[in-house]
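Colleague: Sharing a structure here in structure tokens format.
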Amino acid sequence: MFSRCFFTMTVVYFLLSSGTKATSPVNVSVTVDVVPVAGRLEVTLATCTTSSTKPAAEVSWNLGALSDSVKVSTNTEKHLDGTFTVTSSLIAAPTVQMNQQHVQCLIKHVTMKEELQVDHKITVHYPPQLVYVTPFNNRSNAEVYQCEADANPSATHFSWHSTHQTIPNNDIKAEGNKLYFLKRTSDLSGLYICEASNEYGKGIGSLYWQKGEKTEDNHSEL
């Protein structure tokens, strides 16, 4: 199920006529009605809207790294008072690589001396893609490892499993994304698996632990 989330950036400015009087304030907004989720069908990534302009404003985009993967759909509506509303939307099948990409909505109008640029950062949600298990420095006598995941939103649940141990036990305990080796004996040597998940899915990473030797991290990539 899609998570409903609304982001709005609104810029209010005055369009100057050929004389010295200013017209009514003009609203420019970049909005996202529903946060896109990677791996799903085409959706609107962001919409740039200008309103109360006369004549209609010219709206375009600087897409940067998304130039080859995003379509632009623009609509112009004329109102009874003679003013115009222009909406321009970015449409694409969301991917993990689109997350945090910067775009700009560009607005031009005959009464403006310079082009107006409104910055926007694309947000895409996705399940854990990479899960790592790495050493964690601590002040206790235990040897501790931390499970980390590349996910948006961040992973909220972590579970630990072993191919040869029951966790927790007298020698090993798990707290959230951390695994504690309370003792370091040869019978604990073996494979330990971390499963990280958020509302969209899960990913796994693994650690091979052996007494007195450097541990090996095997991460997952979905």
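Colleague: For the pair Thr74/Ser189, report the inter-label distance in nm, with labels modelled 7 Å from Cα in the Cβ direction.
Modeller: Reported label-point gap for Thr74 and Ser189 is 6.7 nm.
Colleague: Now a separate question. For region 80-182, give the magnitude of the charge dipole about the Cα centre (Cβ charges: +1 Lys/Arg, -1 Asp/Glu; no others), in debye to the nearest 20. Let's see the in-between values first.
Modeller: Working: 6 positive and 9 negative charges, 15 e Å.
Computed about the Cα centre, the dipole is about 80 debye.
Colleague: When you have a sec, figure out the Kirkwood radius of region 126-221 from all distinct Cα pair distances and drop it here in Å to one decimal?
Modeller: Computed over Cα pairs of region 126-221, the Kirkwood hydrodynamic radius comes out at 13.4 Å.
Colleague: Sticking with this one: Would you kindly give the portion of the calculated P(r) for region 73-146 that falls above 21 Å, as a percent of all Cα pairs? It would help to have the intermediate numbers written out before the result.
Modeller: On the way: 1613 of 2701 pairs.
Roughly 60 percent, rounded to a whole number.
Colleague: Which of His125, His79 comes first, and how do the rest follow, when ranked by fewest Cβ neighbours within 10 Å?
Modeller: His79, His125
Colleague: Through the Karplus equation 6.51 cos²θ - 1.76 cosθ + 1.60, θ set to phi - 60°, convert the phi angles of region 111-123 into ³J(HN,Hα) values in whole Hz; use x for Gly and Pro.
Modeller: Those phi angles translate into 8, 9, 6, 10, 5, 8, 10, 10, 6, 8, 10, 5, 10 Hz.
Colleague: In the structure displayed, which of Lys178/Lys211; Lys54/Lys108; Lys54/Lys113; Lys71/Lys108; Lys78/Lys121; Lys71/Lys121 lie more than 22 Å apart, Cα to Cα?
Modeller: Values: Lys178/Lys211 18 Å; Lys54/Lys108 12 Å; Lys54/Lys113 16 Å; Lys71/Lys108 20 Å; Lys78/Lys121 29 Å; Lys71/Lys121 16 Å.
With Cα atoms farther than 22 Å apart: Lys78/Lys121.
Throughout, read-outs are computed from the coordinates displayed, never taken from laboratory work. Keep in mind the model is a prediction, meaning the values are calculated, not measured. Every residue, glycine among them, receives a Cβ derived from its backbone with ideal geometry; neighbour counts consider all protein chains shown.
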